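The structure appears below as structure tokens.
The values are calculated or read from the model by the stated rules, or taken from the named source; none is laboratory data. Only a predicted model underlies this, so the values are computations on that prediction, with no experimental measurement involved. Here the Cβ positions follow ideal geometry from the backbone for every residue, glycine too, while neighbour counts run over all protein chains shown.
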Amino acid sequence: MSQARLYLDEDAMRRSLVFALRARNVDVLSAAEAEMVNRDDQDHLAAAAASGRVLYIQRGGLLSSIKAGFRKNAFTPGSSSRHSSVTQPARNFGGSCG
């Protein structure tokens, strides 16, 4: 089973998170390491896709931007266009577990 390769956008690239993921042998590339700080959302998506990584985002506004971009520039199966997966951390809604 292959392991996901992650690209963390600049809002999600906290050192503690990067360190913890790498300590668990997760292949992580941060926006800073990719020299992508202060770039727009579509640039982060393109960087993740170009490196074959899942884009891990911290803020929800990026998802709307990405969805709009996909609708505008529809991905055509079989084309040479590459796309990337996007994931966002789950939010704690104040419920309790256990």
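Cβ-Cβ contacts under 7 Å between residues 6 or more apart (or on different chains), taken from a first residue in the stretch 41-70 that is under 13 Å from residue 13 (Cβ atoms) and of a type outside the set (D, E, K, R) to a second residue that is surrounded by fewer than 18 Cβ atoms within 10 Å (Cβ to Cβ) and at pLDDT 85 or above, are listed as 48/54.
Please count how many residues of the stretch 1-41 are of a type in the set (Gly, Ala, Ser) and under 14 Å from the mean Cα position of the chain (by Cα).
Taking the stretch 1-41 and keeping what is of a type in the set (Gly, Ala, Ser), we get 2, 4, 12, 16, 20, 23, 30-32, 34.
After this cut, where a residue has to be under 14 Å from the mean Cα position of the chain (by Cα) as well, the list is 4, 12, 30-32, 34.
The number of residues fulfilling the criteria is 6.
Quickly run through the stretch 25-58 and pick out the residues that are under 14 Å from residue 3 (Cα atoms), of a type in the set (A, V, I, L, M) and part of a loop (DSSP other than H, G, I, E, B). Matches in the stretch 25-58: 26 only.
When you scan the stretch 9-24, do you find a residue that is on the phi < 0 side of the Ramachandran plot, assigned to a loop (DSSP other than H, G, I, E, B) and among the β-branched types (Val, Ile, Thr), even just one?
No - not one qualifying residue is present in the stretch 9-24.
Scan the stretch 10-28 and tell me whether some residue there is at pLDDT 90 or above and buried (at least 20 other Cβ atoms within 10 Å of the Cβ). Checking the stretch 10-28: at least one residue is at pLDDT 90 or above and buried (at least 20 other Cβ atoms within 10 Å of the Cβ).
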